[in-house]
Amino acid sequence: MKQTLFEQNSGTYTQQGDYMLPDVKLPEQPEFEIGVWANRRRQYLKQHHRVKYYNMLTQCTLYPHLADIEQKAQEMFDRLVEQLAVKEGISEKLKAENQMLWIQSMNNIRNRVMEIANAELIYA
């Protein structure tokens with residue numbers, strides 16, 4: 001299969017056997033650092049909202065959206081963990097006196113906050 005490149009009607013095409021396929025390339029996008037929250041959102045969109053995922057990908061709005069979700073989710077997580085720890089009396093004093101209870105309590109809070117963030121931002 002010989003590939004030949006030529007221009008036709010303001011675009012470039014590559015010959016694949018008997019077919020002329022357009023050379024499609026997304027524009028350059030700035031790089032975004034995405035973390036665990038953005039990866040969860042991307043996987044959710046890719047598995048459950050495929051059309052929306054590919055529309056966002058081809059319109060170059062996916063990665064800015066994921067960066068925004070990452071920032072919002074991380075801020076929500078940090079804020080809620082701190083608020084719930086204060087509300088439930090989990091302090092540095094408890095950490096010094098009973099480390100296992102402090103770890104258990106903080107893990108419980110983190111798990112609850114993770115479920116809240118998932119429900120409100122990731123799977124919404």
Quiz item: Which net charge results when you count Lys and Arg as +1 and Asp and Glu as -1 among the other residues whose beta-carbon is under 12 Å from that of MET106?
Solution: 0
Self-check item: Packing-based order for 58-68, 95-105, 20-30, using average beta carbon neighbours within 10 Å, highest first
Solution: 58-68, 95-105, 20-30
Quiz prompt | Nearest-10 value in Å² for the accessible area of ARG42, using the 1.4 Å probe | solution = 50
Quiz item: Where nothing but the Cβ of Lys and Arg (+1) and of Asp and Glu (-1) is charged, how large is the charge dipole of segment 23-124 around its Cα centre, in debye to the nearest 20?
Solution: 400
Self-check item: Most mobile listed residue (TYR53, TYR13, TYR44) in the chain, GNM with C-alpha springs under 10 Å
Solution: TYR13
Self-check item: Reciprocal of mean inverse Cα separation for the chain (Kirkwood radius, Å)
Solution: 18.3
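What is the sum of charges, Lys and Arg at +1 and Asp and Glu at -1, for the other residues whose Cβ falls under 14 Å from the Cβ of LEU94?
It works out to a net charge of 0.
The values are calculated or read from the model by the stated rules, or taken from the named source; none is laboratory data. Worth saying up front: this structure is predicted, and the values here are computed from it rather than measured. Positions of Cβ are backbone-derived with ideal geometry, glycine not excepted, and every protein chain shown enters the neighbour counts. Ligands, DNA and RNA are stripped out before the accessible areas are found, and what is left, the full protein with its side chains, is counted by its heavy atoms. Shrake-Rupley method; radii C 1.70, N 1.55, O 1.52, S 1.80 Å.
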